[in-house]
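K.L.:
Before I ask anything, let me first share the structure, which is written out below as structure tokens.
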Amino acid sequence: MSDGDNYYIVRGAKMRCNKGSHARKINLPVSHGSYVKGKPMMNQGDNVVDKNISYFGICSECQEGDDIYLIAEDGSTINGKKCLVEIFGEWSDVKEDTLVEGKGALTTDSWLVCSKYQGKIKFETNGQEEE
């Protein structure tokens, strides 16, 4: 694929919820068979909690559940309620004319909503570069 494909999301891209304390990497246990720079591309249906998406640290909105202590990205210790990510619906703003196993490809413009507290999940990296 060409350099014009730099905006496609692949396994390992970093995403962040605007209600969460930590960025997380999107996961893909089994490749869909499409690749950019040798890394598996993600599609619109890759929105499954604990398969593709893990919790985003501490939720700024959550008032229920367990209190947890985490090391913040700046190295300080923070505490609060663990993010209880719930996804209803698929990724929005996907590339409809690029299909990955029959569904639109995720791009750096794609986003998802956590239905529990209306958090907006967006990508910070495309996952194509080594970190």
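K.L.:
If only one of N18, N47, N79, N52 is surrounded by 16 or more Cβ atoms within 10 Å (Cβ to Cβ) and touching a strand residue (DSSP E or B) at 6+ places or on another chain (Cβ under 8 Å), which one is it?
P.N.:
Being surrounded by 16 or more Cβ atoms within 10 Å (Cβ to Cβ) and touching a strand residue (DSSP E or B) at 6+ places or on another chain (Cβ under 8 Å) holds for just one of N18, N47, N79, N52, which is N47.
K.L.:
Out of all the residues in the range 62-91, which are without any contact (Cβ under 8 Å) to a residue 24 or more places away in the chain and assigned to a loop (DSSP other than H, G, I, E, B)?
P.N.:
Across the range 62-91, the qualifying residues are Q63, E64, G65, D66, D74, G75, S76.
K.L.:
Would you be able to tell me the number of residues in the range 92-131 that are free of Cβ contacts under 8 Å to residues at least 60 places away in the same chain and either β-branched (V, I, T) or touching a Lys or Arg at 6+ places or on another chain (Cβ under 6 Å) (or both)?
P.N.:
Going through the range 92-131 one residue at a time, the tally reaches 3.
K.L.:
Would you please name the residue that is surrounded by the fewest Cβ atoms within 10 Å (Cβ to Cβ), looking only at residues in the range 82-131 that are more than 16 Å from Y7 (Cα to Cα) and among the polar types (S, T, N, Q)? Walk me through it before giving the result.
P.N.:
Within the range 82-131, the first condition is being more than 16 Å from Y7 (Cα to Cα), and the residues that meet it are 82-90, 101-103, 112-121, 131.
After this cut, where a residue has to be among the polar types (S, T, N, Q) as well, the list is 115, 118.
Details: S115: 12, Q118: 10.
Top of the filtered list is Q118.
K.L.:
Working only within the range 15-39, note down all residues that are assigned to a loop (DSSP other than H, G, I, E, B) and either without any contact (Cβ under 8 Å) to a residue 40 or more places away in the chain or among the hydrophobic types (A, V, I, L, M, F, W, C) (or both). Talk me through it step by step, then tell me what you get.
P.N.:
Quick first cut of the range 15-39, residues assigned to a loop (DSSP other than H, G, I, E, B) only: 18-19, 21-23, 26-34, 37-38.
If the condition is that a residue be assigned to a loop (DSSP other than H, G, I, E, B) and either without any contact (Cβ under 8 Å) to a residue 40 or more places away in the chain or among the hydrophobic types (A, V, I, L, M, F, W, C) (or both), then A23, I26, N27, L28, P29, V30, S31, G38 are the ones that fit.
K.L.:
Any residue at all in the range 27-40 that's among the charged types (D, E, K, R), more than 11 Å from the chain's Cα centre (by Cα) and surrounded by 19 or more Cβ atoms within 10 Å (Cβ to Cβ)?
P.N.:
yes
None of the figures in this text is laboratory data; all of them are computed from the coordinates on show. As the structure is a computational prediction, the values presented were derived from the model and not from experiment. All Cβ positions, glycine included, derive from the backbone under ideal geometry; neighbour counts span all protein chains shown.
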